[in-house]
1. Give a residue-ordered list of calculated ³J(HN,Hα) values for segment 175-180 (Karplus: 6.51 cos²θ - 1.76 cosθ + 1.60, θ = phi - 60°; whole Hz; x for Gly, Pro).
2. Would you mind getting me the FRET efficiency between Tyr240 and Lys119? Use the beta-carbon distance for r and R0 = 45 Å, nearest 0.05.
3. Quick check for me: using +1 on Lys/Arg Cβ and -1 on Asp/Glu Cβ, what's the dipole size of segment 84-209 about its Cα centre, in debye to the nearest 20?
4. Go through segment 106-172 and name the GluC sites (Glu not before Pro) that are in a DSSP coil and have 10 or fewer other Cβ atoms within 10 Å of their Cβ.
5. Could you check the simple spin-label distance between Lys177 and Ser93, using points 7 Å along Cα→Cβ, in nm with one decimal?
6. Starting from the Cα of Glu225, step 7 Å toward the Cβ, then list every residue of segment 92-135 with an amide N under 11 Å from that point.
7. Please turn the phi angles of segment 99-106 into ³J(HN,Hα) values with the Karplus equation 6.51 cos²θ - 1.76 cosθ + 1.60 (θ = phi - 60°), one per residue in order, whole Hz, x for glycine and proline.
8. Under 8 Å for C-alpha pairs, at least 6 residues apart: give me the relative contact order for segment 84-209, rounded to a whole percent.
Amino acid sequence: MPSEKEMLETWENYNEFKDDFPKPDLDSVWDKTTEETGWKKRRIGFFRNSFFRYAAAILLPILIIGSGVYFSVIKINNSLNYVSYESPVEERSKIELPDGSTIWLQPNSKIKYPKEFKKGLREVEFSGQGYFDIQENPEVPFIINVGNMDVTVLGTQFYIKANQNNDLIETGLISGKVKISTSRIERILSPNNVLIYSKSLKDIKESKNLLNNKFHWDDGSIVFENCRFMDVLTEISDWYDIDMEINPELELDTKITLTIREESIDEILEILKIIVPFEFHKKQDKIVVSTIS
């Protein structure tokens with residue numbers, strides 16, 4: 001093993017002999033790394049380029065001394081045994097977990113889970129919006145980490161809205177039973193109920209009944225049946241992860257029946273205008289819904 005002094009001299013004299021050594025095929029190395037680790041190339045392409053650019057400079061003396069660096073990187077990444085996934089912008093994604101559970105992710109939602117669940121433990125990390133259909137296993141609860149709040153499940157259907165830029169985490173239970181817990185509170189959620197947790201207050205902000213709508217996440221649709229116009233706009237805002245500024249003078253209590261599938265938010269608002277007259281326009285990162293001038 002070279003001494004520290006010898007390694008330092010090698011580094012300082014790097015420019016004199018750097019051209020004597022072949023350049024590694026970084027794209028080939030990265031392709032093999034992503035294949036064996038399950039990493040997503042599209043999400044971390046920038047990271048890859050930056051990583052290899054700087055790592056090549058820092059590790060060159062070690063590459064000169066030995067040729068085991070590439071295999072060490074593979075081993076370190078494989079030891080993590082986790083899959084991280086982020087649903088693309090304007091796309092919904094279906095994730096099949098190792099236990100047979102299914103999760104439908106809304107755009108810009110993230111999930112991290114082990115390639116194989118350990119015996120007696122099913123646990124994932126989540127942010128964004130998603131619908132969960134969890135395989136029942138009373139002996140092995142399913143735990144979803146959402147920031148500093150956990151959702152514990154025995155086998156059920158529910159949704160979570162936990163956008164990172166929103167102070168509120170909403171959990172709505174469709175069937176079964178879930179437990180919401182933090183360091184300060186613990187609450188059991190019953191079917192057709194919604195619990196809203198405030199991250200800033202670290203407490204339950206409110207609990208309410210599910211809206212009169214039905215989620216069909218498997219085909220990417222949501223059905224509103226006789227819902228308030230205001231509630232429909234709120235759900236659409238969440239569904240497409242875009243803020244809305246709504247004029248309170250609109251007829252917000254008007255009942256709406258509507259099915260949303262793959263329409264854009266502009267198309268949906270144009271349809272709603274037929275029922276409730278209003279105008280809308282985009283302003284920076286939000287949509288302004290106003291009365292007709």
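Read-outs throughout are calculated quantities, based only on the coordinates presented, and are distinct from any laboratory measurement. Values in this document were obtained by computation on a predicted structure and should not be read as measured data. For neighbour counting, all protein chains shown are included, and Cβ atoms are generated from backbone atoms with ideal geometry for every residue, glycine included.
1. My calculation for segment 175-180 gives 8, x, 7, 10, 10, 9 Hz in order.
2. Working: r = 40 Å, r/R0 = 0.89.
Efficiency, from the Cβ-Cβ distance: 0.65.
3. On the way: 17 positive and 17 negative charges, 56 e Å.
Around 260 debye, computed over segment 84-209.
4. Details: sites: Glu116, Glu123, Glu125, Glu136, Glu139, Glu170; in loops: Glu116, Glu136, Glu139.
Taking segment 106-172 and a limit of 10 other Cβ atoms within 10 Å, the loop GluC sites (Glu not before Pro) found are Glu116, Glu139.
5. 3.4
6. No residue passes the distance filter.
7. 8, x, 5, 10, 10, 9, 9, 6
8. Numbers: 316 pairs, mean separation 19.4, N = 126.
15 percent.
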